[in-house]
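Okay, here's the structure, questions in a sec.
The values are calculated or read from the model by the stated rules, or taken from the named source; none is laboratory data. In this text the structure is predicted, and so the values were computed from the model without any measurement. Ideal geometry is used to build each Cβ from the backbone, glycine not excepted, and the neighbour counts take in all protein chains shown. SASA here: full protein model, heavy atoms, side chains in, ligands and nucleic acids out. Shrake-Rupley method; radii C 1.70, N 1.55, O 1.52, S 1.80 Å.
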Amino acid sequence: MKKGIIILGSSNSFGNTHKIVSYIAEKTNYPIIDLKTKHIAEFDYNFNNKDDDFLPIIRDIADNYNLIIFATPVYWYAMSGILKTFFDRISDCLKIEKDTGRKLRGKNMAVISCGSDDILKAGFHMPFIESAKYLGMTYTSDVHSWIENENIPETVKQKLDNFVTTIL
Ligand SMILES: Cc1cc2nc3c(=O)[nH]c(=O)nc-3n(C[C@H](O)[C@H](O)[C@H](O)COP(=O)(O)O)c2cc1C
């Protein structure tokens, strides 16, 4: 079984995406890192922010997990800004943290999205797929979800259950 970790990139720690990742965490026992509670600054060419929360998090992931699940709400047809900042900071691993960057090779990546629409526009997954490729990771799967009347609809639960079978 893969040892996975869920990176939650919502602007609402207890919003809709959180509902979805809680369902997945219950099925998999994977821990959740809530980026909203972390101090992760935007990418800086001079790495003046190297003492914020990013490097300890990515080191922990690199050392202890072989599957990273990125969970994001759909904000303006794309991943959330919080998650994009996290991706931008992975560039630190190509410059000042190369050992950690190398450890990402061979790991698996999966994506959970949560929108108000039941479909995603074409291209939503491209940045994940291409980043995985660039980092030498394997993009395993993705699932799109939504919430209705504060709850996870049965159709979505079915999709999430299928998704879980692709990552275990
Ligand atoms: C800034 C913003 C932009 C959004 N853009 C989209 C969008 O492009 N497509 C979509 O389906 N839903 C969009 N939504 C709706 C959210 O994706 C949806 O409500 C989601 O469940 C919110 O998850 P959260 O509670 O984790 O933030 C947007 C919501 C916000 C706040």
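So is ARG105 open to solvent by 80 Å² or more (accessible area, probe 1.4 Å), in a loop (DSSP other than H, G, I, E, B) and either farther than 25 Å from PRO153 by Cα or in contact with an Asp or Glu (Cβ under 8 Å, 6 or more places away or on another chain) (or both) or not?
When the stated conditions are applied, ARG105 passes them.
Also, I was wondering about something else. Out of the range 2-57, which residues are part of a loop (DSSP other than H, G, I, E, B) and aliphatic (A, V, I, L, M)?
Within the range 2-57, ILE40, ALA41 qualify.
So, one more: Would you be able to tell me the number of residues in the range 67-89 that are within 22 Å of PHE163 (Cα to Cα), within 13 Å of the chain's Cα centre (by Cα) and outside any strand (DSSP E or B)?
Number of matching residues: 4.
Report yes if some residue within the range 102-120 is within 16 Å of the ligand (Cβ to nearest atom), over 18 Å from SER10 (Cβ atoms) and not aromatic (Phe, Trp, Tyr); otherwise report no.
Yes, there is a match, as at least one residue in the range 102-120 is within 16 Å of the ligand (Cβ to nearest atom), over 18 Å from SER10 (Cβ atoms) and not aromatic (Phe, Trp, Tyr).
Quick check on my filter: what residues within the range 127-168 are more than 23 Å from GLY15 (Cα to Cα), out of contact with any helix residue (DSSP H, G or I) (no Cβ under 8 Å at 6 or more places or on another chain), in a helix (DSSP H, G or I) and not β-branched (Val, Ile, Thr)?
Result: GLU130, ALA132, LYS133, TYR134.
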